[in-house]
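Coordinate-derived values only; no laboratory data. Only a predicted model underlies this, so the values are computations on that prediction, with no experimental measurement involved. Because the Cβ atoms are built from the backbone with ideal geometry, glycine has one as well, and the counts that use them run over all protein chains shown.
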């Protein structure tokens, strides 16, 4: 480390830092500091990089970063790599400062723009990328960045072309108009040797293209599709689907394209993407229904994937009977019964039955076919055939199919399947039949662990997001296992965890509110983040003086809370039955703290000290009494509730950041499930309608229609129409908003 | 740290996709088998392309892979999907050219294996734990060359007494500090 040869010094530092540990760190710190200011850049950078590895220097000091950026953007940094790093810091500073001040020019934008004229391509690209990723970037700010990217498009280097087209592709998602100037360059890239570049070019074009260009574009793509890999094809198919929804008039061209690629060779994922696209197009564009269904029918004639066949058959069963000539689909469906494996046969039988139930004229013919299925060699197929023959009246007479049967055949199972599964597992064979209405309908609140996982970036293209685990069921099980709470009856709703402490404090506590008919149970999830401490007899003292209708009935302390493992303590309150009582609760965490003698075993001293820790307060609000229950057809739900208890009123929400922000705030306030994707607000729209549904405590169905409007001063006004089965509930919802 | 321009791995494979020299700097591939699977997949995905004159690029499992071939050697550098493609490409170019200099333009598998020490040193000089140290091929090759052309005799050729003397010298120096 003290050698005269620079290279030795540099490498000695790197090796030493790799093999050293925390205890030796202080000894070598002085040398590192010395090395950082070494006049040889190799030594200095070795010391810096090693320092970063050792200490994992965090960039939490915003002020320091901001100052650094200010001083460096004025001067000049020599190395292009350092310049890139500086651009990244700059965009971070811009991000953070724009959060604070809404108006005015962006600081440092001039610097980014200046970097676009740097001599190193690396820096130019980094700056262009940074500009396109600025939040709420204007088209004026984008233009210079797009111009340099356009130059890159015609570069001879594949890497440059790829980098440019990939960035433009991202821009096209948010600002399609800004990218149109590059369309001509992009079209020439379709024939690029590098297939990644070609695919990105095509998808960008599909996003930015206008209606007249679609036909020409599709011709180019058709020749291109045959020689790219499946994963690229999926990207193209997705892009075509969104294009079709954008230009509904062009569905014929696009549908023909989809069906022709559907007939070609391809793997499961690819075929699934195509089928999904066709299904989406059929649902959204009524004109495309007949041709789309026929394409699907032809596809299942020669489909090797059981999953896709059953999906298509199910879809046919719903859409087929509504077409002008349902009988033409029967042949395709019955062919499945003859030719396919048991799974497909069974779903084909279900589909046939749906045709029979919906189309009276076809009934006799369907019965003939269904009766043949009675001799199938698979029991599931036979069972289904028997069931359907009996429910839709298979005794030969053509009778009106009654409503209950239709409900049975077509009514969607509006239960989360995971809930049904757990309920079935819990069911013990007895005299009492299984009651499907007892299954909790609550849509699972997002589990805690999953949130953390979501924060981490998912790696791998194929890695599916972890399926939501059933928190509500675990909650219910935990609560029922505690004798004090077992008499409270059925759990109505569990809220999402509310944090009662800042993160990274000594003790982290969050609360989950469990609502029962006559009771409320607060579950406090506590985590001890101090390795030297063991907490015992942990309770939360809840002061309900600001919640008059609540009366404390039981507390369940937590015996011991070692470091790092979360534990729960519970407090139960009684409240008037069925009434959505609200109130504010202040809390103190009380416990006995013991010093840990040996951290490896967690062994603690015998004597402890009693201590308290102040927690933040929380409220029980009316939204806690609202279950998120979605309906598949909002219009039906709305009509069926009727206008008897409809309450309509208008509210001014004052100036809001954006319409989107206002909509999500109201949805959160009401705690209801948005239906039919109406929670998504189109960018720059001046008005929006949002449909919500839910179940209020006491099993009262509620439907809400929200109409928003925003004026130039960002003043948001809202019209709220509520329908429910109970007048009081409709009023309660209005009160929620009024406050 | 998270802002630093960084790479996830540098691979040097032969024309059948077998390892010549590889270095991983991220925990995306924790086990040796997952590393090998990644190498295999990258190799099969890229082997049909022609990346001899100019470096080529592809996306793969949310990673950007930039690659270039020379004779029967395949050079790869991988970076995260939000990394600047041109930075990764500069790293690849630096590695590629430095290897060319070190092997005196005889860039093939046999020569690379015979000088594997130089190539591994070269990797170490380019990247430390994912952070890019140097991308100029001449500087890299220069530093690697000083290592190999050591003025002092190699350790094995020192006599016992010489070795003891050196050790004593080191010891006293550290004690006097």
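A few notes on this one:
- Between residue A:323 and residue A:140, residue separation times 0.36 nm minus the direct Cα-Cα distance comes to 60.9 nm.
- Within 10 Å of the Cβ of each residue in A:79-92, the mean number of Cβ atoms contributed by other protein chains is 3.
- Per-residue mean of C-beta atoms belonging to partner chains within 10 Å, peptide B:87-94: 4
- For the pair residue A:484 and residue A:82, the difference between a 0.36 nm per residue extended length and the Cα-Cα distance amounts to 138.4 nm.
- For region A:478-620, dividing the convex hull volume of the Cα atoms by the residue count gives 105 Å³ per residue.
- Size check on region A:623-738: the Cα extents along the three principal axes, sorted descending, read 40, 27, 25 Å.
- What the Cβ-Cβ distance of residue A:265 and residue A:361 gives, at R0 = 41 Å and to the nearest 0.05, is a FRET efficiency of 0.55.
- Normalised radius of gyration (Cα atoms, divided by 2.2 N^0.38 Å) for region A:94-219: 1.10.
- Annotation: extensible slack from residue A:543 through residue A:18 equals 183.7 nm (criterion: 0.36 nm per residue apart, minus Cα-Cα distance).
- Projected area, mean over directions - region A:599-689, Cα convex hull, nm²: 13.1
- Calculated FRET efficiency for the pair residue A:283/residue A:183, C-beta based, R₀ 30 Å, to 0.05: 0.50
- Prolate/oblate/rounded call for region A:193-257, Cα gyration tensor, a/c under 1.5 rounded: prolate
- For the peptides A:476-488, A:297-309, the ranking by packing is A:297-309, A:476-488, with the highest mean count of neighbouring Cβ atoms within 10 Å listed first.
- Ranked A:143, B:58, A:555, criterion: other C-beta atoms within 10 Å, fewest first: A:143, A:555, B:58
- Modelled spin labels at residue A:607 and residue B:110, positioned 7 Å past Cα toward Cβ, are 8.1 nm from each other.
- Relative exposure of A:94, B:140, judged by other C-beta atoms within 10 Å (fewest first): A:94, B:140
- Residue B:48 paired with residue A:707, simple spin-label distance in nm, labels 7 Å along Cα-to-beta-carbon: 5.7
- FRET efficiency estimate (nearest 0.05) - Cβ-Cβ, residue A:33 to residue B:168, R0 35 angstrom: 0.75
- Average Cα contact separation per residue, region B:1-114, under 8 Å, 6 or more apart, as relative contact order %: 26
- Taking the fewest neighbouring Cβ atoms within 10 Å as the starting point, the ordered list for B:67, A:651 is A:651, B:67.
- Rough spin-label spacing in nm, given labels placed 7 Å along Cα→Cβ, for residue A:306 and residue A:342: 0.9
- q = 0.15, 0.17, 0.19, 0.25 Å⁻¹, region A:328-384: log10 I(q)/I(0) [Debye, one scatterer per Cα]: -0.35, -0.45, -0.57, -0.97
- Peptide A:120-128, shielding by other chains (average Cβ, 10 Å cutoff): 3
- Computed log₁₀ I(q)/I(0) - Debye formula, equal Cα scatterers, no solvent, region B:9-151, q 0.08, 0.10, 0.12, 0.19 Å⁻¹: -0.19, -0.30, -0.43, -1.15
- Both radii were evaluated on the Cα set of region A:693-739; the Rg over Rh quotient, with Rh as the Kirkwood radius, amounts to 1.09.
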